[in-house]
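Reviewing the structure listed below.
The values are calculated or read from the model by the stated rules, or taken from the named source; none is laboratory data. Everything numeric in this text was worked out from a predicted model, so none of it was measured. Cβ coordinates were reconstructed from backbone atoms using ideal geometry, including for glycine residues, and neighbour counts include every protein chain displayed. Only protein heavy atoms, including side chains, enter the accessible area calculation; ligands, DNA and RNA are left aside. Shrake-Rupley method; radii C 1.70, N 1.55, O 1.52, S 1.80 Å.
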Amino acid sequence: MTTLPPTRRERVRAATLDEILQVARRLLVHESITGVTLRAIAREMGMTAAALYRYYPNLESLVAGLCARLYDECTTEISDARDRAGSDPGARLYAMCRTFRAWSVTHPAEFNLMFASPVPEAGRLKTGEFGAGFRFALTFADIFGELWQRAPFPVPPEEELPPLLAEQLHQFVDELGQQGARPGTSSLPVGAAQLYLSCWVRMYGIVALEVYGHLKFALSNVGPMFDAELDAAAQQLGLDPTRYRDRPL
């Protein structure tokens, strides 16, 4: 089936949508989220605020579109770093985590919008604009599943987990499969899913503390602490950190 090229009207609309998000991001970076308004975007673009409604029905949907673009940008950088690292899943994991930190500390305003804003109801996270957030999560879940398939590591047995936690983890693994996770990821035992989330909390937590400056009371350079946390997480996954810690991105 032959796909027709976009019409001129479609190209103009796509270019305008792209410009709207570029302007919104610039305002986010220079003025924080409070500076991202329809009026401010329209003023920057030389159009009326009313004209923006032809592209976004409200400010909430525009910000959601910006958030999706940022997730996709971050996911692309992480995926590219993973692929450059070769076939060793340990090297791939290290490259991904380090790239996530590098992107986050370089883009604090964007990080704040993506990770420090209230999220909508769970159902919207998997579809529409917020599907980009789940695609971001899948990049880490899939490398975790790859590590598990290569050499299963110790995880808590399901019967030792609180029943409510185990129930939610079952639902989480099912959701991973429905959203396109690799077979090794969508068949993780509950204990492995718990360890995956524990590792993510560990990585996200130290990155967020660094982005918001909450470690300055103790550390002028968070890099070595991040590396130590990454090494500790890697050991939980059966990896030898000495094989990966000095590899360049």
Within region 203-239, residues among the charged types (D, E, K, R) and crowded, with 16+ Cβ neighbours inside 10 Å come out as E210, D227, E229, D231
Any residue at all in region 35-47 that's within 24 Å of V207 (Cα to Cα) and without any contact (Cβ under 8 Å) to a residue 40 or more places away in the chain? no
Tally of residues being modelled with pLDDT of 90 or more and aromatic (F, W, Y) across region 121-145: 3
Over region 145-161, the set of residues in a helix (DSSP H, G or I) and in contact (Cβ under 8 Å) with a residue 40 or more places away in the chain is G145, E146, L147, W148, R150
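If we only count helices (runs of 4 or more DSSP H) wholly inside region 1-120, which ones have 1 or more residues that are at pLDDT 95 or above?
Of the helices (runs of 4 or more DSSP H) lying wholly inside region 1-120, those with at least 1 residues that are at pLDDT 95 or above span 8-31, 38-45, 59-84, 89-106, 108-115.
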Run S198 past the list (1) open to solvent by 30 Å² or more (accessible area, probe 1.4 Å); (2) in contact with a Ser or Thr (Cβ under 9 Å, 6 or more places away or on another chain) and report the number of the one that doesn't hold. (2)
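Would it be correct to say that E73 is under 22 Å from the mean Cα position of the chain (by Cα) and closer than 30 Å to Q149 by Cβ? Show your work before the answer.
Values: under 22 Å from the mean Cα position of the chain (by Cα): yes; closer than 30 Å to Q149 by Cβ: yes.
Yes: the conditions hold for E73.
So that you can scan it fast, the table gives a plain yes or no per residue for (1) in contact (Cβ under 8 Å) with a residue 24 or more places away in the chain; (2) more than 15 Å from A137 (Cα to Cα); (3) in contact with a Ser or Thr (Cβ under 8 Å, 6 or more places away or on another chain):
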{"residue": "Q179", "(1), (2), (3)": "yes, no, no"}
{"residue": "A218", "(1), (2), (3)": "no, yes, no"}
{"residue": "E229", "(1), (2), (3)": "yes, yes, no"}
{"residue": "L237", "(1), (2), (3)": "yes, yes, no"}
Hey, does region 148-170 have a residue that's closer than 20 Å to T75 by Cβ and either modelled with pLDDT under 90 or surrounded by fewer than 20 Cβ atoms within 10 Å (Cβ to Cβ) (or both)? no
Can you run down the residue pairs with Cβ atoms below 8 Å, 6 or more apart or on separate chains, where the first is in region 2-30 and at positive phi and open to solvent by less than 60 Å² (accessible area, probe 1.4 Å) and the partner is assigned to a helix (DSSP H, G or I) and not aliphatic (A, V, I, L, M)? none
How many residues are among the hydroxyl-bearing types (S, T, Y) and more than 22 Å from G131 (Cβ to Cβ) when one looks only at region 143-193? 1
So which residues in region 240-249 are part of a loop (DSSP other than H, G, I, E, B) and open to solvent by 90 Å² or more (accessible area, probe 1.4 Å), if there are any at all? R245, D246, R247, P248, L249
